[in-house]
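**Student:** I have a structure here, written as structure tokens, and I will follow up with some questions on it.
Taken together, the values in this text are just the output of simple stated rules run on the coordinates, not laboratory data. Remember, it's a predicted structure, so these values are computed and weren't measured experimentally. Cβ coordinates were reconstructed from backbone atoms using ideal geometry, including for glycine residues, and neighbour counts include every protein chain displayed.
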Amino acid sequence: MICQNAITKKGLGESQIHLEQMILAIFIMNPIMLNQYIVNDNWFELGIHKIIYSALKQSVVDKHLDMYKVQELLEKANFDYFNKIMDSYVSSALLDKHLSELEENYKIRQTAIIMEQLSLHQIEYPTFLENIRQIEEQTQYIDTLVEPSPNDIFDEITLSNQSLIFNRLSNLNLLKLEKNTLNVIAARPSVGKSGLALNIFNDLASTNEYDCVYINMEMPDRDIYRRLVSMNTKIPMWHLEGLEKCSKAGALVMDCLLSFKDKDMKVISHPMDINSIGTVIRNEQKKGKHVIVFIDYLGYIKSAKESNDRERLGKICRDLQIMTKEYDCTIFLLAQINREGADNPTMNNLKDTGELEQSAHSVLLLSEIGDYDVNNDVQFIKLVTGKNRESLKNGKMIMKYHKKIQRFEVSTEEEAKNAQRR
């Protein structure tokens, strides 16, 4: 039933506007839902939202939005506002909840109007009761007939080339890391999780198949570029400081930096929340390639205050996992493991949240093997797949980490055997 206090409200203010914006944002990102849900235009209180919803309904073509049609139906001012809504991220998992609230608010407004008509003797009491009954009967409807056809299902399950393809780090192809998944790289501090993530970022960008974005929230911008330059030129990071452009090494560095411009790779170095990450992905999608995002790291993602860190980080993990499907992207998320997992990390050692294990498609756990060989600049790293839905769980591989040049390389079989004996 509609509560008396709510009925007396004359307007629902900013909260109603925000609610309507979230619903429209979900429909924009998931146009197929426009055919699955029947929504009364009048449920939207703001006129521009009614116009946008109507334009969306008229612009769905084969499960996608015809953006030219949307622009044609909306005036420029309305289309600018539409773009603002489109840049916000809202999980589609919340659509039912939001639509129920939208419908209830509509009932509140309509009931208030009818009660005012009764108080002004504009309608009789039987008419009042009939109008109230009609309002209560207006319910959200989900069209259960909109289901994928056998042809759609066949195309989906037989789709090939869904695994990421690595170049220099070819041994990672064995992991069969799939597109549209959330993948976690976890380790103790200073073991090399950022180093491995940057090597993967650099390797995938070099294939020219993907649009790669590295969101750095942990270290200065220059440190990221120093690492990228060192791993590509094999010039130790400490040699870069004070280097002159006219020197041979300086020219090599400039060539390397220019080569970055030929690749679809971008480094963003400032704190972000889920909404900002979604905006970055949407902007990158305009280039037409599959977007791969690296987030360094989980603990620094800003979010609304939850009751504790576990709940806050858990919600972030769920939102990122949903985002990989809604935004057609792949995410690599860096996380920490606790002290107990320093030598032989397991899934139980993931720090701060158990939601990582639930949401992630794969979890790569890193640990050091033996001591760092200063003379040869080699630290052997054990990579354990704590979780992987496409290949064997608890699979292991040994990699070489050259710390001075921040470069990960594939270990030979002999090197791996010798490292494991340590």
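**Student:** Distance in nm between label sites at residue 221 and residue 103, each 7 Å beyond Cα in the beta-carbon direction?
**Tutor:** 4.9 nm
**Student:** Taking a virtual spin label 7 Å from the Cα of residue 167 along the C-beta vector, which residues in region 258-278 bring their backbone nitrogen under 19 Å of it?
**Tutor:** Flagged as within label range: 258-267.
**Student:** Sequence gap at least 6, Cα distance under 8 Å: using those rules, report the relative contact order of the chain to the nearest whole percent. Don't skip to the answer; put the middle values down first.
**Tutor:** Details: 644 pairs, mean separation 69.7, N = 422.
So the answer I get is 17 percent.
**Student:** Skipping prolines and chain starts, which residues have an amide H placed within reach, meaning under 5 Å, of the one on residue 302, given they are 5 or more residues away or on another chain?
**Tutor:** Sorted by chain and number, the residues that satisfy this are 272, 273.
**Student:** Note the full-extension length gain between residue 87 and residue 239 as 0.36 nm times their separation in residues minus their Cα-Cα distance, in nm to one decimal.
**Tutor:** Working: separation 152, 0.36 × 152 = 54.72 nm, distance 4.17 nm.
Computed gain between residue 87 and residue 239 is 50.6 nm.
**Student:** A follow-up question, please. If you take the charge dipole of region 170-420 about its Cα centre, with +1 on Lys and Arg Cβ and -1 on Asp and Glu Cβ, which of 388, 194, 210 is farthest toward its positive end?
**Tutor:** 210
**Student:** Hey, another quick one. If the viscosity is 1.306 mPa s and the temperature 10 °C, what translational diffusion coefficient in µm²/s does Stokes-Einstein give for the chain when Rh comes from Kirkwood over Cα pairs?
**Tutor:** Taking Rh from Cα pairs, D becomes 64 µm²/s.
**Student:** Determine the percent antiparallel among the DSSP beta bridges restricted to the chain, to the nearest 5.
**Tutor:** Details: 25 of 52 bridges.
Around 50 percent antiparallel, to the nearest 5.
**Student:** Still on this structure, please answer the following. Return, ordered by residue number, the residues of region 261-293 whose backbone nitrogen is under 15 Å from a label point located 7 Å along Cα→Cβ of residue 61.
**Tutor:** Nothing falls inside the zone, counting backbone N under 15 Å.
**Student:** Another question, if that's okay. Take peptides 108-119, 314-325, 125-136 and line them up by average Cβ neighbours within 10 Å, highest first, as a rough protection proxy.
**Tutor:** 314-325, 108-119, 125-136
**Student:** Calculate for the chain the 222 nm mean residue ellipticity that helices alone would give, adding -39,500 (n - 2.57) per DSSP H run of length 4 or more and normalising by residue count, nearest 500 deg cm²/dmol. Mind showing how you got there, number by number?
**Tutor:** Details: 17 runs with 189 residues, N = 422.
After summing the helix terms and dividing by residue count, I get -13500 deg cm²/dmol.
**Student:** Also: Normalising by the residue count of region 170-420, find the relative contact order in percent from Cα pairs under 8 Å and 6+ residues apart.
**Tutor:** About 28 percent, as a whole number.
**Student:** Explain nothing, just compute: Karplus ³J(HN,Hα) = 6.51 cos²θ - 1.76 cosθ + 1.60, θ = phi - 60°, for every residue of region 77-86 in order, whole Hz, x for Gly and Pro.
**Tutor:** Residue by residue, region 77-86 yields 4, 5, 5, 4, 5, 4, 4, 5, 5, 4 Hz.
**Student:** Nothing charged except the Cβ atoms of Lys and Arg (+1) and of Asp and Glu (-1): what's the magnitude of the dipole of the chain about its Cα centre? Round to the nearest 20 debye.
**Tutor:** Once rounded to the nearest 20, the dipole reads 1640 debye.
**Student:** Work out how much length residue 14 to residue 358 would gain on full extension: take 0.36 nm times their residue separation and subtract the Cα-Cα distance, in nm to one decimal.
**Tutor:** 120.4 nm
**Student:** Could you tell me which of the pairs 351/404; 248/404; 234/263 are separated by over 24 angstrom between their Cα atoms in the structure shown?
**Tutor:** 351/404
**Student:** Just 60, 213, 184 to compare: in a GNM of the chain, with alpha carbon springs under 10 Å, which one fluctuates most?
**Tutor:** 60
**Student:** In nm, what is the difference between 0.36 nm times the number of residues separating residue 247 and residue 285 and their Cα-Cα distance?
**Tutor:** Contour length minus the Cα-Cα distance gives 9.8 nm.
**Student:** Moving to a separate point now. Using the Cα gyration tensor of region 4-142, with a ≥ b ≥ c the square roots of its eigenvalues, what is the shape: rounded (a/c below 1.5), prolate (a/b larger than b/c) or oblate (neither)?
**Tutor:** Prolate is the answer for region 4-142, as a/c is 1.5 or above and a/b outweighs b/c.
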